[in-house]
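Derivation of every value follows stated rules applied to the coordinates shown; laboratory data play no part. The structure displayed is predicted, hence computed values, not measured ones. Because the Cβ atoms are built from the backbone with ideal geometry, glycine has one as well, and the counts that use them run over all protein chains shown.
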Amino acid sequence: MVALSESGGNAAPASSTVGGPSKPRAEALSAEKPPRRNDPVPDPLPYLLDFYPQEDPKYTRIAPFFDALRKGSFTTTRCEEDGTLSWPPRVTCPVCRGDRLAWTELPRRGRLYAFSAVLGGAPLGMEQDVPFVVGLIDLEGVPLRIFSRIAHTRYEDCHIGSEVELETFPLPDGRVFFRFRPAGASSPKA
Ligand SMILES: [Zn+2]
């Protein structure tokens, strides 16, 4: 109790409530503290720290999405029972919970519904690209609004309702991913 009051400042009253008067909380924490480990940072990083999802069919049943993307097709799943079109691709229908889903092609164009700029705290692998644009895109002709990075443009040059188109790109490790760009823009190598 005394140690917490000296180091914890205004945290002391809450600690005294939690710890109770008969067992000093600082002592209890000290006794349970596990030994400190000094493991090196693994390389490559565990996949949960990877911005891009696993694309291998060993790990995910939506691997066909990436197979199609590699060939330039943008796809998702549609429920064969009730016709529900989902984004992102699913392994079960969010409406009827069934798993009779079929892959269907999506339009490659849409319009910006909203957008913003990432100025800091970029996802893994995008730290060098700050600032960059992200946005919500209403795909042409289907009731899907999807989130994506908007490449090859500046925040100042984006407008609500402006047309964007899909762009696929390879990752250094051989995988593939997608983003959007202003319609008609060239796609210099990132
Ligand atoms: Zn369904």
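So here's what we get for this one:
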{"item": "Kirkwood Rh and Cα Rg combined as Rg/Rh, the range 108-185", "result": "0.96"}
{"item": "Extension gain, Ala63 back to Glu156 (0.36 nm per residue minus Cα-Cα distance, nm)", "result": "29.9 nm"}
{"item": "Label-reachable residues, the range 147-181, where backbone N falls under 14 Å from a point 7 Å from Leu136's Cα toward its Cβ", "result": "147-148, 160-161"}
{"item": "FRET efficiency, 1/(1 + (r/R0)^6) with R0 30 Å, evaluated for Tyr113 and Glu80 via beta carbons", "result": "0.55"}
{"item": "Two-site label geometry, Arg145 and Asp173: point separation in nm, points 7 Å out along Cα→Cβ", "result": "3.3 nm"}
